[in-house]
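For reference, the structure is listed below as structure tokens.
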Amino acid sequence: MTQYFLTIPHDTADEPTMESMQEMDPAELEAMIAAVDGFNTALNESGAFVTAGGLMPPSTATTVDATDGEPKRIPGPFVDAPAYVGGFWIIDVADEETALGWAEHCSKALQSRIEVRALQEEPQ
């Protein structure tokens, strides 16, 4: 079995948050939450679910750099980018094709693009 990282890209200009989600049409928000709950339930029932989480936007990040001896804490993300990871799932499935199938299900539930990447395996 291989673990895959499914991520939700967000446009940096938008920085959606739980608060901004409240501005959505209530019926659309309720439908999206129900669809994601269904996706999470299916993942759990299949045994593929490892963990998942939503991330705060990059503006809330602090980058820590201790490469030159004295640690520095720098407000903000380590890189400026037009998009960022807003949330993720880690799933454990037999192969990439299965991971891509779950990503399709997730994309439909969220009405969002989903990036799929395998986690590196431990060196032997």
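Since every read-out is calculated from the coordinates, none of them should be taken as a lab result. Remember, predicted model here, so these are calculated numbers, not experimental data. Here Cβ is always computed from backbone atoms with ideal geometry, including for glycine, and neighbour counts include all displayed protein chains.
Net charge around ALA42, counting only other residues with Cβ within less than 13 Å of its Cβ (Lys, Arg = +1; Asp, Glu = -1)?
Net charge around ALA42: -2.
Determine the sum of side-chain charges near PHE88: Lys and Arg each +1, Asp and Glu each -1, restricted to other residues whose C-beta is under 12 angstrom from that of PHE88.
0
Which residue fluctuates most in the GNM of the chain (Cα springs below 10 Å): THR41, THR67, THR51?
Result: THR67 has the largest fluctuation of those listed.
Calculated from DSSP H runs of 4 or more alone, at -39500 (n - 2.57) each and per residue, what is the 222 nm mean residue ellipticity of the chain, nearest 500?
Helices in the chain give a 222 nm mean residue ellipticity of -10500 deg cm²/dmol.
Rg to Rh ratio, the stretch 16-67, alpha-carbon atoms and Kirkwood radius?
1.14
If we count GluC sites (Glu not before Pro) as exposed when they sit in a DSSP loop and have at most 12 other beta carbons within 10 Å, what is the longest stretch of the chain that avoids them all?
For GluC sites (Glu not before Pro) (loop position, at most 12 other Cβ atoms within 10 Å), the longest site-free span of the chain is 24-120.
Below 9 angstrom from the Cβ of VAL64, what's the summed charge of the other residues (Lys, Arg +1; Asp, Glu -1)?
Local charge sum for VAL64: +1.
Please report the relative contact order for the chain, taking Cα pairs under 8 Å with a sequence separation of at least 6, and give it as a percent rounded to a whole number.
47 percent.
Taking the structure as given and computing mean projected area of the Cα convex hull in nm², which label from [x] 6.9; [y] 9.9; [z] 9.4 fits?
Computed from these coordinates, mean projected area of the Cα convex hull in nm² corresponds to label [y].
Would you order ILE74, ILE90, ILE8 from fewest to most other beta-carbon atoms within 10 Å of each residue's own beta-carbon?
ILE74, ILE90, ILE8
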